[in-house]
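Colleague: Handing you a structure now.
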Amino acid sequence: MESCELLDLKSKQWTQLPSLTTKRNACAAVLVEAPTASYIYVVGGENGIQPLATTEVLNLSQPMGWTTLPMTMNHPRHSFALAAIDKRYLVCIGGITANNNGPPLDSSELYDIHKQQWLQIPATMTTPRWGCCCVTFDSHILVMGGYSSDPYNQDGKGIFLASAEMLILQQDLPEPPALIPFPIDSSKINLTRQERIVALQDWMTQIQLRKAVYENQVGVAQNREENYCAHQTRIADEEIAKLKNKIAFYESERLIYRENKDSRIAMMESMAKPWFDAVQQQLEDAQDQVDSLTARLDRKLSSSSLQSRSSSNVVAQQQQRQQQKHRRRKKLAEECPDDLMCPITLELMVDPVIALDGHTYERSAIERVFAATPRGHMPRSPVTGANLPSYNLIPNVAIRRQCREYQN
C-alpha cells in the first residue's frame, strides 16, 4: 500500500497523510525530531515483486509530500527492525533481503542524516533474525525476538526467538593520524649535516601539520559533544520545569480541594444548626404542654373528688385512693433515680432493655422509635443521635430488679 495515516495519541484521532511515492509492504518507519521540524522516515520493505532499498521522508511541519532520498541501502531488505539514535542516525537491523525467499540477515546498516550516507555496520548479530523489534537508550540498541529461519519453508513458519542482543554504536570520534617515521636513522648516516637539517625540518613541518589537523578534529568533536550535552541538558531542564509546573498545579488543586471541603462543611453546619435549634425548641414546647396537661389533670381529679365525696362515701374513697395512687406515682417519678428512668418516657422502667448505643430504654418506647425509622435507614440513638448498627435489644436484668425493688 501507499497510503499513510497518523494517530494523535492525545485526541485519539487518525489523520490522513500524503501517499508514499512507492507502494511497499513490511517496511519500517521512525520519527526523528530535528530542532526546527519533525520528520518521518520510511525505510525498505517490498513491493510484492522484490525487496526495496529506498528511503522516503516526510516533513510533518509541512506535510506536502514524501521525498525519496538519493542514497539507498547497501542491501534491500524487509521485515527488519528500525531505530533512531541521537536524532541523527537511522539503524536497520536484520530482516530478509531475498525476493520473498531466503534466510534472514544478521547484518545492520546505519544512515547518517547529516552526511546523507548509508554505512555498513561491521558488527553482525550472533543470531540472524527477521520480524524482530528494538528499543534504544543513549547509543545502545536492544534487539529482541523475531524469527531465525526461512519464513517460506515447508510449514510456512519460522523458529520463534526469545533471545535479545545489544548493539553499542561507537561515536564518530576522530582517529589519531599515523606517525611519520623519524627521518634520520642508520640507513641515512651518509647524509651531510645540511641534508640532515633539511630532512628534520621537513619532518617537523609534516608532524606539526598533522598535529594541527588532529587538534582541530579533536576540538570539533569536543565542541560537538559539548553542544550535544548542552542540548540534552536543556531538554532535561525543560522537562524538569514542566514537572515542577505540574507539581505546583496539583499542589494548588489540592489546596483548593481542602478549602472547598472546609467551606462545604461550614456551610452544612450553618444549614443544619437552625434545624437542630428548631427541633430542640419543639421538644421543649412539647414537654411544657405535657407538664401543663398533667397539672390540669391533677386539678380535675382533685375537684371531682371533692364534689363526689358528699354523694357517695364509697365513690369518694375510691377517688381518694386513686388520687393517692397518682400522687405516689408522681412522687415516685420525681424521686426515681436517673438510671431507673427511661430516657424516652422519663418514667420508671418496667421492661428495661439495652440498645447497641449502650443506653437502657423501656422496651415499648425504643420499639416505637424503631417502628418510626424509615425503611432502608438505620435507627438513630435517642440519647447520642448516632446511627445504631442494628435493631438488637438485650434485656437489662439488673436494672429490672432494681426497678421492681424501688417500686415495691
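The values are calculated or read from the model by the stated rules, or taken from the named source; none is laboratory data. Since the model is a prediction, treat every value here as computed from it, not as a measurement. Cβ: placed from backbone, ideal geometry, glycine included. Neighbour counts: every protein chain shown.
Colleague: Select from region 263-296 the residues that are surrounded by 10 or more Cβ atoms within 10 Å (Cβ to Cβ) and within 47 Å of the chain's Cα centre (by Cα) and list them in ascending order.
Modeller: 263, 264, 265, 266, 267, 268, 269, 272, 273, 276, 277
Colleague: Still on this structure, please answer the following. Are any of the residues in region 259-266 part of a helix (DSSP H, G or I), aliphatic (A, V, I, L, M) and modelled with pLDDT under 85? Walk me through it before giving the result.
Modeller: Of the residues in region 259-266, the ones part of a helix (DSSP H, G or I) are 259-266.
Still in the running and aliphatic (A, V, I, L, M): 265-266.
Checking which are modelled with pLDDT under 85 leaves us with none.
Within region 259-266, none of the residues are part of a helix (DSSP H, G or I), aliphatic (A, V, I, L, M) and modelled with pLDDT under 85.
Colleague: Follow-up question, since we're still on this one. Looking at (1) assigned to a loop (DSSP other than H, G, I, E, B); (2) within 28 Å of residue 228 (Cα to Cα), which one does residue 41 not meet, given that it meets all the others?
Modeller: (1)
Colleague: Now a separate question. Going through region 30-81 one residue at a time, which ones are of a type in the set (A, V, I, L, M) and at pLDDT below 90? Reasoning before the result, please.
Modeller: Applying the first criterion (of a type in the set (A, V, I, L, M)) to region 30-81 yields 30-32, 34, 37, 40, 42-43, 49, 52-53, 57-58, 60, 64, 69, 71, 73, 81.
Across region 30-81, the qualifying residues are 34, 37, 49, 60, 64.
Colleague: When the residues of region 25-75 are filtered to those that are among the small types (Gly, Ala, Ser) and either in contact with a Leu (Cβ under 9 Å, 6 or more places away or on another chain) or outside the structural domain of residue 105 (by TED's automatic domain parsing) (or both), which remaining residue is surrounded by the most Cβ atoms within 10 Å (Cβ to Cβ)?
Modeller: First pass over region 25-75, keeping only residues among the small types (Gly, Ala, Ser): 26, 28-29, 34, 37-38, 44-45, 48, 53, 61, 65.
Next, only the ones that are either in contact with a Leu (Cβ under 9 Å, 6 or more places away or on another chain) or outside the structural domain of residue 105 (by TED's automatic domain parsing) (or both) stay: 28-29, 37-38, 44-45, 65.
Working: 28: 22, 29: 13, 37: 11, 38: 12, 44: 27, 45: 24, 65: 13.
The extreme case among them is 44.
Colleague: If you go through region 76-105, how many residues are on the phi > 0 side of the Ramachandran plot and crowded, with 23+ Cβ neighbours inside 10 Å?
Modeller: Here the count works out to 3.
Colleague: Cβ contacts < 7 Å: first residue of a type outside the set (S, T, N, Q), restricted to region 204-229; second residue not in a helix (DSSP H, G or I), any location; separation 6+ or different chain. Result?
Modeller: Pairs that qualify, where the first residue is of a type outside the set (S, T, N, Q) and the partner is not in a helix (DSSP H, G or I), are 207/180; 210/177; 214/174; 214/176; 214/177; 218/174; 221/173; 221/174.
Colleague: Same structure, new question: Residues to consider are 105, 110, 82; find the one that is touching a Ser or Thr at 6+ places or on another chain (Cβ under 8 Å) and either touching a residue at least 24 places away in the same chain (Cβ under 8 Å) or assigned to a loop (DSSP other than H, G, I, E, B) (or both).
Modeller: On the way: 110 fails: touching a Ser or Thr at 6+ places or on another chain (Cβ under 8 Å); 82 fails: touching a Ser or Thr at 6+ places or on another chain (Cβ under 8 Å).
Going through 105, 110, 82 in turn, just one is touching a Ser or Thr at 6+ places or on another chain (Cβ under 8 Å) and either touching a residue at least 24 places away in the same chain (Cβ under 8 Å) or assigned to a loop (DSSP other than H, G, I, E, B) (or both): 105.
Colleague: Same structure again: Go through region 195-244 and give me each residue that's under 20 Å from residue 34 (Cβ atoms) and touching a Pro at 6+ places or on another chain (Cβ under 9 Å).
Modeller: 231
Colleague: Continuing with the same structure: With the condition kept exactly as written, say whether any residue in region 292-309 is of a type outside the set (S, T, N, Q), under 30 Å from residue 345 (Cβ atoms) and at pLDDT 85 or above. Before the answer, list the steps.
Modeller: As a first pass, look at region 292-309 and keep what is of a type outside the set (S, T, N, Q): 293, 295-301, 306, 309.
When the remaining residues are screened for being under 30 Å from residue 345 (Cβ atoms), the result is 293, 295-301.
Remaining after also requiring at pLDDT 85 or above: none.
Within region 292-309 (the criterion being of a type outside the set (S, T, N, Q), under 30 Å from residue 345 (Cβ atoms) and at pLDDT 85 or above), the answer is no, since none of the residues qualifies.
Colleague: Could you identify the single residue in 380, 363 that is farther than 21 Å from residue 284 by Cα and among the basic types (Lys, Arg)?
Modeller: Details: 380 fails: farther than 21 Å from residue 284 by Cα.
Only one candidate passes the filter, namely 363.
Colleague: Which residue out of 15, 55 is within 34 Å of the chain's Cα centre (by Cα) and of a type in the set (S, T, N, Q)? Quick ask: steps written out before the conclusion?
Modeller: Details: 55 fails: within 34 Å of the chain's Cα centre (by Cα).
Answer to the check: 15.
Colleague: Would you pick out the residues in region 54-79 that are within 19 Å of residue 3 (Cα to Cα) and part of a loop (DSSP other than H, G, I, E, B)? Write out each step before concluding.
Modeller: Residues of region 54-79 that are within 19 Å of residue 3 (Cα to Cα), as a first pass: 54-69, 78-79.
Result: 54, 60, 61, 62, 63, 64, 65, 66, 69, 79.
Colleague: Test residue 87 against the criterion of being basic (Lys, Arg), within 29 Å of residue 120 (Cβ to Cβ) and either at pLDDT 90 or above or not assigned by TED's automatic domain parsing to the domain that holds residue 144 (or both), and give yes or no. Even if it seems obvious, please write down each step before you answer.
Modeller: Numbers: basic (Lys, Arg): yes; within 29 Å of residue 120 (Cβ to Cβ): yes; either at pLDDT 90 or above or not assigned by TED's automatic domain parsing to the domain that holds residue 144 (or both): no.
No, not satisfied.
Colleague: Then there is this: Within region 5-22, does at least one residue satisfy the condition of being under 19 Å from residue 131 (Cα atoms) and part of a strand (DSSP E or B)? Break it down into steps so the answer makes sense when it comes.
Modeller: Of region 5-22, the ones under 19 Å from residue 131 (Cα atoms) are none.
No, region 5-22 contains no residue that is under 19 Å from residue 131 (Cα atoms) and part of a strand (DSSP E or B).
Colleague: Could you check how many residues of region 115-146 are closer than 17 Å to residue 75 by Cβ, free of Cβ contacts under 8 Å to residues at least 24 places away in the same chain and of a type in the set (Lys, Arg)?
Modeller: Residues in region 115-146 being closer than 17 Å to residue 75 by Cβ, free of Cβ contacts under 8 Å to residues at least 24 places away in the same chain and of a type in the set (Lys, Arg): 0 in total.
Colleague: Kindly indicate the residue of region 215-258 that is among the β-branched types (Val, Ile, Thr) and at pLDDT 85 or above and also farthest from the chain's Cα centre (by Cα) among those meeting that condition. I'd like the intermediate steps shown before the answer.
Modeller: Pass one, region 215-258, residues among the β-branched types (Val, Ile, Thr): 218, 220, 233, 235, 240, 247, 256.
With at pLDDT 85 or above added as a condition, the list becomes 233, 235, 240, 247, 256.
On the way: 233: 26, 235: 23, 240: 18, 247: 14, 256: 21 Å.
Restricting to residues being among the β-branched types (Val, Ile, Thr) and at pLDDT 85 or above, the top hit is 233.
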